[in-house]
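Let me give you the structure first, and then I'll get to my questions.
The values are calculated or read from the model by the stated rules, or taken from the named source; none is laboratory data. Just so it is clear, the structure is predicted and the values come from calculations on it, not from any experiment. Positions of Cβ are backbone-derived with ideal geometry, glycine not excepted, and every protein chain shown enters the neighbour counts. Ligands, DNA and RNA are stripped out before the accessible areas are found, and what is left, the full protein with its side chains, is counted by its heavy atoms. Shrake-Rupley method; radii C 1.70, N 1.55, O 1.52, S 1.80 Å.
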Amino acid sequence: MENQKKRQAAYMKRSLLDQGYLDEQFIHLEELQDDANPNFVEEVVKLFYTDSARYVRNIELALENGPYDFARLDNMMYQFKGSSSSIGARRVKRQCSQFQEYCNAKNIEGNIFQGVKQEYATLKTKLETYFQMER
């Protein structure tokens, strides 16, 4: 049973990489995990969730009120993108970059931030399932 769970987890990780949800940074994080700290990656990802929730909320608040402070929005998205990059959240990072492009053009379309939130929520769900398999 345990071998089957490990195989499923390995398959899921491969799928997440193949589908572009994760990149090689996630693999590098896993390489840092050892017997002394067997939950290292999960702990780092949980910190990412905490930071991300704060970034999302701050950006939502900034988008509620016009006129938009594009420099501030870009800075907040830059931080979110950096946090995403640190765990290898490839699709989230790509959406953050797209949002930044809109900020640089001083043009925030209504659904552009929804794309960031959707990719983040999808990745969070998939990683939570992955970590459950790993346990």
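Can you work out which of the residues in region 34-48 that are of a type in the set (D, E, K, R) and within 14 Å of R135 (Cβ to Cβ) is nearest to the chain's Cα centre (by Cα)?
Taking the candidates together, the pick is K46.
Go through region 1-41 and report how many residues are touching a helix residue (DSSP H, G or I) at 6+ places or on another chain (Cβ under 7 Å) and over 22 Å from K81 (Cβ atoms).
Residues of region 1-41 that are touching a helix residue (DSSP H, G or I) at 6+ places or on another chain (Cβ under 7 Å), as a first pass: 5, 8-9, 12-13, 16, 20-23, 25-26, 29-30, 32-33, 40-41.
Still in the list and also over 22 Å from K81 (Cβ atoms): 5, 8-9, 12-13, 33, 40.
Residues that pass the stated criteria total 7.
So, one more: Does E119 satisfy the condition of being of a type in the set (D, E), touching a residue at least 12 places away in the same chain (Cβ under 8 Å), open to solvent by 30 Å² or more (accessible area, probe 1.4 Å) and closer than 23 Å to M133 by Cα? So that I can check it myself, show each step before the final result.
Values: of a type in the set (D, E): yes; touching a residue at least 12 places away in the same chain (Cβ under 8 Å): yes; open to solvent by 30 Å² or more (accessible area, probe 1.4 Å): yes; closer than 23 Å to M133 by Cα: yes.
Yes: the conditions hold for E119.
Here's another thing I want to ask about it. Does any residue of region 49-64 turn out to be modelled with pLDDT of 95 or more, closer than 18 Å to R135 by Cβ and of a type outside the set (D, E)?
There is at least one residue in region 49-64 that is modelled with pLDDT of 95 or more, closer than 18 Å to R135 by Cβ and of a type outside the set (D, E).
Could you tell me how many of the residues in region 25-53 are out of contact with any Leu (no Cβ under 8 Å at 6 or more places or on another chain) and closer than 16 Å to R91 by Cα? Write out each step before concluding.
Our first condition is that a residue be out of contact with any Leu (no Cβ under 8 Å at 6 or more places or on another chain); within region 25-53, this holds for 25, 28-39, 42-43, 46-53.
Keeping just the survivors that are closer than 16 Å to R91 by Cα gives 25, 48-49, 52.
Residues flagged as out of contact with any Leu (no Cβ under 8 Å at 6 or more places or on another chain) and closer than 16 Å to R91 by Cα within region 25-53 amount to 4.
Among the residues of region 20-34, is there at least one that is polar (S, T, N, Q) and exposed (fewer than 15 other Cβ atoms within 10 Å of the Cβ)?
No: region 20-34 contains no residue that is polar (S, T, N, Q) and exposed (fewer than 15 other Cβ atoms within 10 Å of the Cβ).
Of all residues in region 94-116, which are aliphatic (A, V, I, L, M) and either at positive phi or open to solvent by 40 Å² or more (accessible area, probe 1.4 Å) (or both)? Write out each step before concluding.
First, pick out the residues of region 94-116 that are aliphatic (A, V, I, L, M): 105, 108, 112, 116.
Residue satisfying the conditions is A105 alone.
Out of the residues in region 1-19 meeting the condition of being charged (D, E, K, R) and surrounded by 13 or more Cβ atoms within 10 Å (Cβ to Cβ), tell me which one is modelled with the lowest pLDDT.
The qualifying residue modelled with the lowest pLDDT is K5.
How many residues are touching a residue at least 12 places away in the same chain (Cβ under 8 Å), under 20 Å from V116 (Cα atoms) and acidic (D, E) if we restrict to region 1-49?
Result for region 1-49: 1.
Being among the charged types (D, E, K, R) and over 24 Å from I27 (Cβ atoms) is the filter here, so list the residues in region 58-103 that pass it. Give the derivation first.
Here is the first cut: in region 58-103, the ones among the charged types (D, E, K, R) are 60, 64, 69, 72, 74, 81, 90-91, 93-94, 101.
Within region 58-103, E60, E64, D69, R72, D74, E101 meet the criteria.
Which pairs have Cβ atoms under 7 Å, sit 6 or more apart or on different chains, and link a residue in region 58-82 that is within 14 Å of A105 (Cα to Cα) to one that is open to solvent by 80 Å² or more (accessible area, probe 1.4 Å)?
Pairs found: F70/K106; D74/N104.
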